Amino acid sequence: MPKLFLRIRDHEVDYLVRGLTPADAIDESNQPSEPAQNSVSGSCALDELADVVAEWVGSDPWTLDPTAVVVFIPTAQTLSITCEVPGRNVAQRRRALPFAVEEFVTANVESLHIATGEIERDRAIRTLCVPKTTIDEWLDVLRNAQVEPGLMTADAYALPAPVDEAIVWFEDDLATIRSPAQIATIDSANLNLVLASLREEFDVDEDKPVLVQINGSASTKALRDAGFLTNEVRSEVVGPALEYFAAQADERKLDGPPYAPINLLQGDYRPIKRLSSTSEGFRSVLRWVASVALLVVVLTAVEGVWASRRADLERVRANDLYEELFEARPSGNPAARMRRALGRMPDEDGADFLPLLDALAHSLEASVTTFSLRNLSFAKGQRGLVADLAVPDYASLDALEEAVTERGLAWTLSSAQQEDNRIRARIMVEAL
């Protein structure tokens, strides 16, 4: 897919499309360009961008791959701030960032979109701030032209990433600066006011160029007054701005850490990637799978409700059968009560100790608020577990009996008497 570079300048936009095939590139007569032409460039008003895009790429969907679209915005309409932000981890520092930025701005910080470079522990945070209304206007224009950018950054970041030098780009009456510590755009006439601060970013005796001037230069006197020696300054002349910027991006000269461009498309402004026809087909399959999964969940829920109602019906029938046989309503599990009433005995070896103890412990926890266990008795071959315990009252004893029988165990109350405002009882629980 061709790559699109845009540079917004006030109410105009420069455009450059690279990687066009002969069928893509259309000239003014709406005829295919010469095969050798694989790029299109020019300028237009912002509100004409949609028409221009349609002319050079026809129906090519620029919304499918945001990584193919790079947008440079005026550095003069941004604010670059590097600030120390407290916090023990990245998340805390990110939350505290607006309060740190607020110290440097006069506008309401809530009205600003604050984008950041990579946030690392124990390092100052680089930010790029733009009014939300401004970035909203730019994105509205781009999306109206069916263009979804993947990178939107200040045009100063289109200059090569400086490691040990500062770069000044002269254009019209402006000077755009990129150094390891700052980016800015100022009137060329005021450049002498910042040259000294640029020189202070480097060692005293560099003995090599530390200031690169592109398409212009400061006066010799201004450079000398700022402390730059003759061998510390070099000048270059390059072609059209956007072609130069695109070349830097293609050669990844913008990415030199730790000074990589700050992408404004963060947070609420993350790129929106539209689905291609293939992705749409895949999403249709996903919708079908989701529908089947939902149907399975609904059927499982219905089956669960049916099983619950069936269990309730069987319990009612078991209670009725018990009442018919023994002329009394059962307490607890009717099946367990019937097995006990019909004389079913445990296996000859008796019940195991741990399952009985576990059942008694859970029954006490579920039915009695406070209790004390004074003695436990169990022997191999013994039918059940005998316990001496104290509970608050007889109601607690009844609740314990119900909890034990609910667990399918037999309950025998050997004795119960009041002692020190509590009920002391001797019970036996056994497997049915």
- Message: So Gln248 ticks every box in (1) modelled with pLDDT of 85 or more; (2) assigned to a helix (DSSP H, G or I); (3) not assigned by TED's automatic domain parsing to the domain that holds Glu148 but one. Which box is left unticked?
- Response: (1)
- Query: Val368 versus (1) modelled with pLDDT under 75; (2) touching a helix residue (DSSP H, G or I) at 6+ places or on another chain (Cβ under 6 Å); (3) not polar (S, T, N, Q): which is the lone unmet condition?
  - Reply: (1)
- From Leu139, Leu174, which residue is touching a Ser or Thr at 6+ places or on another chain (Cβ under 8 Å), of a type outside the set (Val, Ile, Thr) and either more than 30 Å from Asn192 (Cα to Cα) or in contact (Cβ under 8 Å) with a residue 60 or more places away in the chain (or both)? Leu174
- Selection within the stretch 233-242 - out of contact with any Leu (no Cβ under 6 Å at 6 or more places or on another chain) and either over 28 Å from Val17 (Cα atoms) or not in a loop (DSSP other than H, G, I, E, B) (or both): Arg234, Ser235, Glu236, Ala241
- Query: Given Leu376, Leu409, which one is assigned by TED's automatic domain parsing to the domain that holds Leu360 and either without any contact (Cβ under 8 Å) to a residue 60 or more places away in the chain or over 55 Å from the mean Cα position of the chain (by Cα) (or both)?
  - Reply: Leu376
- Query: Which of the residues spanning the stretch 1-20 are closer than 26 Å to Asp172 by Cα, in a strand (DSSP E or B) and charged (D, E, K, R)?
  - Reply: Arg7, Arg9, Glu12, Asp14, Arg18
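Mind checking which residues of the stretch 381-406 are touching a residue at least 40 places away in the same chain (Cβ under 8 Å) and either exposed (fewer than 14 other Cβ atoms within 10 Å of the Cβ) or within 21 Å of Asp352 (Cα to Cα) (or both)?
Passing the criteria: Arg383, Gly384, Leu385, Val386, Ala387, Glu401, Ala403, Val404, Thr405, Glu406.
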- Task: Among what's in the stretch 106-121 and is closer than 10 Å to Val90 by Cβ and under 17 Å from the mean Cα position of the chain (by Cα), pick the residue that is surrounded by the most Cβ atoms within 10 Å (Cβ to Cβ).
- Result: Ile119
- Message: For a quick check of your reading: which strands (runs of 3 or more DSSP E) sit entirely within the stretch 123-210 and have at least 2 residues that are modelled with pLDDT of 90 or more and within 27 Å of the chain's Cα centre (by Cα)?
- Response: 125-131, 151-154
- Exactly one of Pro131, Pro86 is touching a helix residue (DSSP H, G or I) at 6+ places or on another chain (Cβ under 7 Å), surrounded by 14 or more Cβ atoms within 10 Å (Cβ to Cβ) and not basic (Lys, Arg), and that one is Pro131
- Filtered residue count, the stretch 109-130, keeping only those that are within 11 Å of Leu97 (Cα to Cα) and of a type outside the set (Ser, Thr, Tyr): 7
- Take the residues of the stretch 177-199 that are surrounded by fewer than 21 Cβ atoms within 10 Å (Cβ to Cβ) and without any contact (Cβ under 8 Å) to a residue 24 or more places away in the chain: which is nearest to Pro261 (Cα to Cα)? Ile186
- Task: Just give me the residues in the stretch 407-425 being charged (D, E, K, R) and modelled with pLDDT of 90 or more, in sequence order.
- Result: Arg424
- Considering (1) over 28 Å from the mean Cα position of the chain (by Cα); (2) more than 20 Å from Ala249 (Cα to Cα); (3) modelled with pLDDT of 85 or more, say which one Asp60 fails and leave the rest. (3)
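The values are calculated or read from the model by the stated rules, or taken from the named source; none is laboratory data. Please read these numbers as outputs of a predicted model, since none were measured by experiment. Here Cβ is always computed from backbone atoms with ideal geometry, including for glycine, and neighbour counts include all displayed protein chains.
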